[in-house]
Amino acid sequence: MQLIACPHCGPREETEFHYGGQAHVAYPAGNATLSDEEWGQFVFFRDNPKGPFAERWVHSAGCRRWFNAVRDTATHQILAVYRQGEPKPVVA
Amino acid sequence: MTAPRTPGADLPDHPDFLWRNPDPKPSYDVVIVGGGGHGLATAYYLAKNHGITNIAVLEKGWLAGGNMARNTTIIRSNYLWDESSGIYEHSLKLWEGLEEDLGYPILFSQRGVLNLAHSLQDVRDSVRRVHANRLNGVDAEWLDPQQVKEVCPIVNISPDVRYPVLGATYQPRAGIAKHDYVAWGFARRANELGVDLIQNCEVQGLDIEGGRVTGVRTSRGTIRAGRVALAAAGHTSVLAEMAGLRLPLQSHPLQALVSELLEPVHPTVVMSNAVHVYVSQAHKGELVMGAGIDGYNGYGQRGAFHIIERQMAAALELFPIFARAHLLRSWAGIVDTTPDASPIVGLTPVENLYLNCGWGTGGFKATPGVGWCFAHTVATGTPHPYNAPFTLERFTTGALVDEHGAAAVAH
Amino acid sequence: MTSSFRLPTGGRVDRSTELAFTFNGEALTGHRGDTLASALLANGVHQVATSVRLGRPRGIVAAGAEDPSALVQVEEPFPEPMLTATTVELHDGLVARGLPGQGRLADEPDPARYDAVHAHCDVLVVGAGPAGLTAALTAARAGARVVLVDEQREAGGSLLGAPERLDGAPALDWVAAAVDELTAHRDVRVLQRTTAFGHYDDGFVLALEKRTDHLGAQAPANRARQRVWRIRAGHVVVATGAHERPIVFAGNDRPGIMLAGAARTYLNRYAVLPGSEVVVFTSDDAAYAAAVEIADAGGHVAAVIEARAKAPAHWAEECARRGIEVRTGHVVTGTSGTDRVTRAHVAMLADGVVGPRTGIACDTLLVSGGWNPTVHLYSQARGRLRYDAALGAFVPGEEIDRASVAGSATGEFTLAGALRSGHDAARRALASAGLSTEGLPAEPELPVTDPEPPAQPTRVLWSVPDPDPDAGHGDQRFVDLQRDATVGDILRATGAGMRSVEHVKRYTTIGTAHDQGKTSGVIASGIVAEALGVDVGELGTTTFRPPYTPVAFAALAGRDRGVLHDPVRVTAVHDWHVMHGAEFENVGQWKRPWYYPQDGEDLETAVLRECAAARESVAMMDGSTLGKIDVQGPDAAELLDRLYTNLMSSLKVGSVRYGVMCGLDGMVIDDGTVIRVADDRFLVTTTTGNAAKILDWMEEWVQTEWPELRVHLASVTEQWATIPLVGPRSRDVLAAVAPDLDVSNDAFPFMTWRDTGVAGVPARVCRISFSGELAYEVNVPAWDALAVWEAIFAAGRQWGITPYGTETMHVLRAEKGYPIIGQETDGTVTPQDLGMAWVVSKKKDDFVGKRSFSRPENLRPDRKQLVGLLPVDGDVLLPEGGQVVEVDALSQPPVPMLGHVTSSYRSAALGRTFALALVRSGRERVGQTLYVPLEDELVPVTVTDSVLFDKEGSRRDG
């Protein structure tokens, strides 16, 4: 069980959070013009890397705010957290 | 004192010989990536059903050391949708003859499975599944709480628990098997038929020329391949990326656990989605349980302990007598999940590259069935009718086989 | 039997207490401070159990949790399966028996309580031996918040089992002083009888405290029997010691064969002489202390069988002084005995060849093959291990984040080294936890140890060749005693082609039993490596997985059982429902009235009566569980336009609109009403079960996709109580309780809302209907709900107002063809499938899910659509979940199915049964006869429109 550093509240137990999958996947504006394949990609396809992964979390049993984290999916170690709207930090 | 009992005396012995450990040859007709249950079964059926024996199964670790070694061994076919019950029932029929076919004591025990219902909607969904199963030729019954108790006397059917048992579906032909023995049975037969089982051989790249796969680059050198079949479960996304394919998969830790050996108390398999319990008692006497899936993506083969704690609380709601059983060991596998909780088995945009993935929590029970169908797909270049619905394209067209939306029963 | 093996003096047992216990039916006694194992040995009982496969007698091998053999079942005070006798603290009234391999669960509920506690500290030290105590002292002196956990009943670790000295005095004096100092620190917590069993990320350690087990029947009923400590530490110091490693030889499983270190523990800590006639077999220095101490305590040590060519000089001298023969270059090749060892077979071993055997009579055979650091907790947290060829053991490799290892768990086996390593680990822990070490002296103040004799390297010897491989009794060189797995089994596995220790483990089952291979795992790796001719380090060992020692399910479940398993939510009117005999349905976490049986009514009769009241006069229900979300801000309307399929921005203040939400895939996820409170404020309702999910869903969109929208969301589910008032007389009832409200149809039309007083309480009344009847929904603050409910009930009495539950609600809405999300839908159903194309806006450019409606699958003409089904025989009630087929006779499976029955009821209003169903091309099939297969018949049904009652909507306005 991990300690997750909510960028608004500080380190809290993993049980206070929920996972939201890959970060920085914007809802496509003007999606009426997307092909079925492009739309399918947006709805159903997310990256699934083994290694650092920028992903969304929500501090659902805390401040209820969404934020992003870069986490190594091989070790589960969180390498960086950052707020909504902030750019993905460069991690080693 | 009573005469000493030896409850473990009747377990079968293993054969004296299982497999060679060959070095990889420069070239194979078919290279199967992933030496788990699915990879081994695919190799076996390619050789047996299709006469293709110049096959390598490449395993980055030890054979059947991934999810095959980590699952809770539940076998059943009582899925809701026609597409699912088709392939799982095909699999169950193969399970019923597998011990003889493989000549290996796989301890397949058709002790039945109960899927409990805890709410009125659970009841509706369960009855719906029973009716659908019957019309699909899958044995299924709806049991009221008293009948549940008759099948499994230790289930607490008291109305006083937080989410009382309102009934259950029952598939008598369902059961469990010994996972390692199944894998070794397939491996031994495949080896006998000439398949090279190559361990400690990690695939690090795929050679693709003109949209067609021609070989694999591995930690033990480059191997040319007429066809490449991916059967790497949780690691499929990583491999697919080597071919430039993006798949609708997410890999999650899934934990399981066992207790110490106990005198027989639990005659069947009990699953409950609402309170997250999946439990059977294995042949030697240990309770084997599956937990809920960990929420985040992970390749770490480890999960968070609060999942196990919740699992124990749920287990004791249904089985109060487990209170002083002990958690002996917990572990995790990596399951590759799809948006509709159904697998992807078939062709890919890369010629001669075939895909079998996305089984989530259902992979073990599908082992012979998907091995059979995937072998057909690889051998003929055309999906077998049973895996034809499980295309990658369905995520474009919307023709999903949504097994968690409808009467979801995982594992 | 008398306590003939208890020494007259010494040990840590309290001789002033005599504890009576029963083992295998025999009445025995021991003392406070004994374990079941030490008490058995004091009584001369060595055989404890029989083995699982071969039924061979098995005894006590170790003195702690690593024991592979002495499995017992506790029967009283309460049955507990499979414990090791070495970890059961003796108490008065204990009844236990040896196990034949399988434990027995109680057939009655466990009356004990269990709980869990969270603890936070800078430094967690696991193990209160010399290294752990030093680490804890060092950290405490630097001002750190320290938790020290230790699995024994008292601190001291290895010092409890050896007559060590520190600062020229018994080492246990130092231990006592250290514990005193630690407990005097305000920020230090010392937990004895507490086993750290799991080590996870970021300094998270789980430990199990046994709080009452040692008290037996005297355990206070109000105290939790066991407690799980969830400890979050800045840094973890793993000072868990080492387990002695046996050497495998034929007949090594006989009772009386014990690890040499364990024998010292029984002698020194429990004042028990393990046997009278002792042989020691070792390839390591440490076992000599056992020989010497046993001889000094009055036991006869027949010989030390030393596998190495030369005995360590110091110990050779000590042995000589006591007349103990040391046979160097010899090994034990086998044993004799039935229930206990009676003879050790000894032979010279040179170049792998066993020489001629001689027998040495003995009742106890002590074995030592070196020591394995207890690296479990370190390894669980992903610490890598390194094989140390000199020790024949896996030791911690590079240090990991937030954890250090100290003492013999590092492979450092001297006392002085352990103390120093505990100190050093604490300093690293302080630095890692971000604490100053300035307060600490530059040079550590460590107690002075007695000089230790020069050590001679261990000879790494996994197993002794079987001298009689063809004797016909099979291999009796047991690697894993619990699994009856032998060297021969390992060789069969490698012969079968297995090259991985994980395969060998699974083939032989070595390491999978109760002890999880604490003493057998490394030996198995060693034997495999020898068989394959590879390096043990390269081969590795099997993974250490939590828990370190077995933990009762109930301890992990803690208090989360029964009513506390999941929160129970009840409405403000709940007690009234209970008093009026309601039967309840679980909907999510809520308890909702299902129906209100009167005078022995069953569900069906009660529901027919409740429905009739709603259709013919007036009825009321508690709808407070509906999810309610207050949406505020200048962009509130814009947000709702993006999330609902229909247009919400055009809704006028004072009006109400029904809306549907879809997922990105275009499938319906929820529905409910939206009322516009002000230009910049809406109140939206959700289904009961989805309230939290929909709030989360809306928040996710607002925060992650559209942060530019000026809108805020808050759940007000608990703040508002909701009372639907339904039926032709509902207007009369409302008029009676809301005197200020013009209830006329013109003044208060359908799909509008009004703020007014109801029963003197400020209320918001909506004119909406989920039944087709004239109906209102009275919303009041939850505090006032009961009063308002009772006032409405009283006002409606003259019209026979009838409370109804969820079942009646379901029937009423089904008669009108209104879907229930989650019952008519299953995540594969679109608004169009439900016949609600009208709720999908054509005007909006986009809303969530819109794009998915034009995927090929959504455009198929043969999608499943919601229709009504009327059984041809109006008495036949279709089962919900029944499948719909086209044919009137079933073929061989698979039979093509057209869809399924989603809802099915007896209707008072229709005077017959009816159902809703999702049916392929359903709307085209209206008028067709289809079939629903039951157990042994096919029920013909007529497909109809989904609206079965009052198609014209004539009842809506009363």
task: Quick one: compute the contact order of the range C:467-511, relative version, from alpha carbon pairs under 8 angstrom and 6+ residues apart, as a percent.
output: 31 percent
query: So which aspartates and glutamates pass the test for C:Lys864, namely a Cα distance under 15 Å, with those fewer than 8 places away in the same chain ruled out?
result: B:Asp82, B:Asp402, C:Glu824, C:Asp826, C:Asp833, C:Glu886, C:Glu924, C:Asp945
task: Give me the distance between the Cα centres of the range C:827-885 and the range B:203-272, rounded to whole Å.
output: 37 Å
message: In Å and on Cα atoms, what radius of gyration and Dmax does the protein assembly as shown show?
response: 35.1, 115
statement: Probe 1.4 Å, all chains present, heavy atoms only: C:Val13 accessible area in Å², nearest 10, is 20 Å²
query: Quick one: with all protein chains in place, what share of the accessible area of the protein assembly as shown is carbon or sulfur, to the nearest percent (1.4 Å probe)?
result: 51 percent
Estimated 222 nm signal from helices in chain B, with DSSP H stretches of n ≥ 4 weighted -39500 (n - 2.57), rounded to 500: -8500 deg cm²/dmol
message: Keeping all protein chains in place and using 1.4 angstrom, which order do B:Met68, B:Met242 fall into by accessible surface area, from largest down?
response: B:Met242, B:Met68
message: Give the list, by residue number, of cysteines in the protein assembly as shown with no other Cys Cβ closer than 4.7 Å, or say none.
response: A:Cys63, B:Cys152, B:Cys201, B:Cys357, B:Cys373, C:Cys121, C:Cys319, C:Cys362, C:Cys611, C:Cys662, C:Cys766
message: For C:Lys505, give me every one of the lysines with a C-alpha distance below 24 angstrom, ignoring sequence neighbours fewer than eight places off in its own chain.
response: B:Lys60, B:Lys178, B:Lys284, B:Lys365, C:Lys518
task: Over the whole of C:374-382, what's the average partner chain Cβ count within 10 Å per residue? Rounded to a whole number, please.
output: 1
- line: Check: C-alpha center the range C:618-645 vs C-alpha center the range B:40-111, spacing in Å is 50 Å
Accessible area that becomes buried as A packs against B, both chains, 1.4 Å probe, Å², nearest 100: 2100 Å²
- prompt: Can you give the relative contact order of the range B:114-209 as a percent, counting alpha carbon pairs under 8 Å and 6+ residues apart?
  reply: 31 percent
statement: Out of A:Gly30, A:Gly51, A:Gly62, a Gaussian network model of chain A with alpha-carbon springs under 10 Å gives the largest mean-square fluctuation to A:Gly30
task: Select from the range C:185-261 those trypsin sites (Lys or Arg not before Pro) which occupy a DSSP coil region and have at most 13 other Cβ atoms within 10 Å, ordered by residue number.
output: C:Arg186, C:Arg223
Accessible area buried at the B-C interface, both sides summed, 1.4 Å probe (Å², nearest 100): 8000 Å²
statement: Log entry, pair A-C: total buried accessible area, probe 1.4 Å, protein chains only, in Å² rounded to 100, is 2200 Å²
field: At most 16 other Cβ within 10 Å, DSSP loop - trypsin sites (Lys or Arg not before Pro), the range C:551-582
entry: C:Arg559
Estimated inter-spin distance, C:Ala184 and B:His283, nm [label 7 Å along Cα→Cβ]: 6.2 nm
statement: Calculated from DSSP helices alone, with each H run of at least 4 adding -39500 (n - 2.57) and the total divided by the residues of chain A, [θ]222 nm to the nearest 500 comes to -3000 deg cm²/dmol
task: Could you give the C-alpha radius of gyration of the range C:1-125 expressed as a fraction of 2.2 N^0.38 Å, taking N as the number of residues it contains?
output: 1.17
- line: Over chain C, with neighbouring protein chains present, the accessible area per residue in Å² at probe 1.4 Å is 36 Å²
task: Only counting protein heavy atoms at a 1.4 Å probe, give the residues of the range B:8-42, ordered by number, whose accessible area falls by 30 Å² or more when the other protein chains are present relative to the chain alone.
output: B:Gly8, B:Asp13, B:His14, B:Asp16, B:Leu18, B:Trp19, B:Asn21
Range of Cα positions in the range C:519-626 per principal axis (Å), largest first: 90, 28, 24
field: 10 Å Cβ neighbours from other chains, averaged over peptide C:561-568
entry: 5
- request: In nm, give the distance between the simple-model label positions of C:Gln589 and B:His50, each being 7 Å from the Cα along the Cα-to-Cβ direction.
  value: 5.2 nm
message: List the GluC sites (Glu not before Pro) within the range C:807-847 that DSSP assigns to loop and that have no more than 12 neighbouring Cβ atoms inside 10 Å.
response: none
query: Remind me, relative contact order of the range C:833-958 in percent, using alpha carbon pairs under 8 angstrom and six or more residues apart?
result: 28 percent
- request: Mind checking A:71-79 for the average number of partner chain beta-carbons within 10 Å of each residue's beta-carbon?
  value: 5
query: Taking a probe of 1.4 Å, how large is the accessible area per residue of the range B:1-132, in Å²?
result: 33 Å²
field: chain C - mean residue ellipticity at 222 nm from DSSP helices (-39,500 (n - 2.57) per run, n ≥ 4, rounded to 500)
entry: -6000 deg cm²/dmol
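The values are calculated or read from the model by the stated rules, or taken from the named source; none is laboratory data. Since we're looking at a predicted model, the values are computed, not measured. Ideal geometry is used to build each Cβ from the backbone, glycine not excepted, and the neighbour counts take in all protein chains shown. Ligands, DNA and RNA are excluded from the accessible area calculation, which covers all protein heavy atoms including side chains. Shrake-Rupley method; radii C 1.70, N 1.55, O 1.52, S 1.80 Å.
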